[in-house]
Each structure stands twice: as structure tokens, then as C-alpha cells.
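Here the structure is laid out as C-alpha cells; the discussion comes afterwards.
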Amino acid sequence: MKPQTAAILENCAPTGWVVEPLARQILIEYGLPVTRWAWARDLENALEAAAGVGYPLVVKVVSPRVVHKSDVGGVVVGVKDEQGLREAYRRMARLPGFDGVLLDEMAEGLELIVGAKHDPQFGPVVLTGIGGTAVEIYQDAAIRMAPMSRDDARSALESLRGRKLLEGFRGAPPVHRESLIDLLVRFSEMAHDLGPAVDSIDLNPVFCSPERCVIADARIMLPRDRDEEPEEASL
Ligand code: ADP
Ligand code: MG
């Protein structure tokens, strides 16, 4: 396992999962592409960092107590200027466990979902699907064992019912297929390297455009520490 990743996973063990900015640091250590972003822990710092990320941007809450950010109003997209950032920041600061905000570049394209899970039988497996509501309604996802070769990644994409969306559907431009394949292969290598040290990883969404594929959210769940599991009551 890569050194910075090992340190992050160890620090996050008591929380049971890895907040987005730290999950991004792990992805970066494994060479995966993420949107341009910054983590700011006070308003002044956020206003400064926003210049580097560039408006319009996305403001997301960082909190070890908020696993699903948008469920609690912890994501604001399309923040246009300093005033919008101040408002979003104040709103986030009221959420439980607030530990700053993640400022994120606005990304565009087809939304995909890429996940990894540690399967007790097969080891790490990678799930690829078209994101948004499609994956939930049609359960349109391909599952492959990690690590995946480029051919595995290609065949996973070909097996999707929504594959036409990747090719450019009804006048939409096709997504950058090779960068999507790069992403899948690298992600599967990372999942393989992490093995049972993580329970699951979700990249949701990954934005795919004709120019690039880039990760815009990452959540890493850690396995429960066996020592901490309550003992079965014995009679
Ligand atoms: P969570 O999954 O914890 O609710 P996300 O970071 O995935 O939070 O944000 C929620 C939604 O906001 C995403 O599914 C996506 O539609 C949108 N979103 C998030 N980040 C970006 C971004 N960088 N550019 C454009 N849209 C985004
Ligand atoms: Mg998400």
C-alpha cells in the first residue's frame, strides 16, 4: 500500500470511513484524475482558495458525521461568486461535525458511477455503471474482478445497456473512451492493492466528456474493526 494512503486509512479507522478530501488524496496518490479542488477550514481561506479553483464552483461540506452530503444540504453547485460562497459556507458551518468545505471545480459530461467492493469470495471487484437515476432504475452495471486489464475495462463498458450514451447518443458527443479505460484500470489496481483494508470505494459521480474523465466525488468505507464488535451474549 502507498505510504500516504496507509497513514490516512489508519487515522480514519476510528471514524469508519474516509471524508472526501482525504479520499481524494488517496486517489491522487494512485494517479487517478480528480477535479480541481481545495479544502478550506475557515471562510477567509475559502475565499482565497476559490480563486485557485475558479468560479463557478461547487461547495461541499466536510464532516466525519456526514456520509451522504447532499442528503443534508451539504452540496451547493454553481456557486458564482464570493457572495454565493459566503452564503454556502455559512450554511455548511451549521452542519454537525463541520470540518471545513471542499471547493470543487464544476465538471460537465456524462455521469458514471465506479465502485469497488471487497468480496469475500472473489476479493476486490469493480462495478461500472452509468450514473444518475439510470443506475438505480435499470441496475445497469458491469462487475469485474480487480485488477482489470484494458480489455476487461473495454468489455465491461460494452456490456452496459446504456453503452450508446458513451458513444454519443442523439447528437451528444462521444466520451473520451481511452481516458475512461485508463481510469477503470488504475482504479482496479488501486482496489486490488488496498484489498481488505477497505470495505468499499464509491466514485460517484465520474464525469466523462469528449476531452476527459474525471472523478468528482469519492467515498471510502473502512471495514469494521473486529476487536470492536460487540460480543455475542452467551448463556
Ligand atoms: P454526495 O454523494 O455525498 O451527496 P457529491 O459530491 O456526489 O455528494 O455531490 C452531489 C451531486 O452534486 C453529484 O452527484 C453531482 O450531481 C453534483 N456534483 C458534485 N460535484 C460536482 C462537480 N464538481 N461538478 C458538477 N456537479 C457536481
Ligand atoms: Mg456522490
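Mean-square fluctuations from a GNM of the chain, with a 10 angstrom spring cutoff on Cα atoms, peak among His68, His118, His176 at His68.
Find out how many positive minus negative residues lie around Val58, taking Lys and Arg as positive, Asp and Glu as negative, among other residues whose Cβ is under 10 Å from that of Val58.
Numbers: positive: Lys60; negative: Asp104, Glu105, Asp217.
In short, -2.
Straight-line reach from Lys69: taking Cα to Cα under 16 Å and skipping same-chain neighbours fewer than 8 places apart, the lysines in range are Lys60. Note on Lys2: aspartates and glutamates with a C-alpha under 13 Å away, same-chain residues under 8 apart excluded, are Glu10, Glu29, Glu189, Asp193.
In square nanometres, what is one fourth of the surface area of the convex hull spanned by the alpha carbons of the chain?
Details: hull surface 60.2 nm².
Seen from a random direction, the Cα hull of the chain projects 15.1 nm² on average.
In this rough spin-label picture, where each label sits 7 Å from Cα along the Cβ direction, the Asp193-Val77 distance is 3.0 nm. The alpha-carbon atoms of region 36-106 define a convex hull whose volume equals 70 cubic angstrom per residue. For the options Arg154, Arg219, Arg90, a Gaussian network treatment of the chain with springs between C-alpha atoms closer than 10 Å singles out Arg90 as fluctuating the most.
Any idea of the accessible area per residue across the chain, 1.4 Å probe, to the nearest Å²?
Values: 12410 Å² over 235 residues.
The answer is 53 Å² per residue.
Specify whether the C-alpha gyration tensor of region 66-198 places it in the rounded, prolate or oblate class, a ≥ b ≥ c being the square roots of the eigenvalues: rounded for a/c under 1.5, otherwise prolate if a/b is larger than b/c and oblate if not. Walk me through the intermediate numbers first.
On the way: a/c = 2.36, a/b = 1.47, b/c = 1.61.
It is oblate, given that a/c is not under 1.5 and a/b is not larger than b/c.
Spatial offset of region 97-158 relative to region 199-214 amounts to 7 Å, using the alpha carbon center of each. The charge dipole of the chain, taken about the Cα centre with unit charges on the Cβ atoms of Lys, Arg (+1) and Asp, Glu (-1), comes to about 660 debye, rounded to the nearest 20.
The values are calculated or read from the model by the stated rules, or taken from the named source; none is laboratory data. Only a predicted model underlies this, so the values are computations on that prediction, with no experimental measurement involved. Note: ideal-geometry Cβ built from the backbone for every residue, glycine included; neighbour counts use all protein chains shown. These area figures cover heavy atoms from the full protein model, side chains too; ligands, DNA and RNA do not enter into them. Shrake-Rupley method; radii C 1.70, N 1.55, O 1.52, S 1.80 Å.
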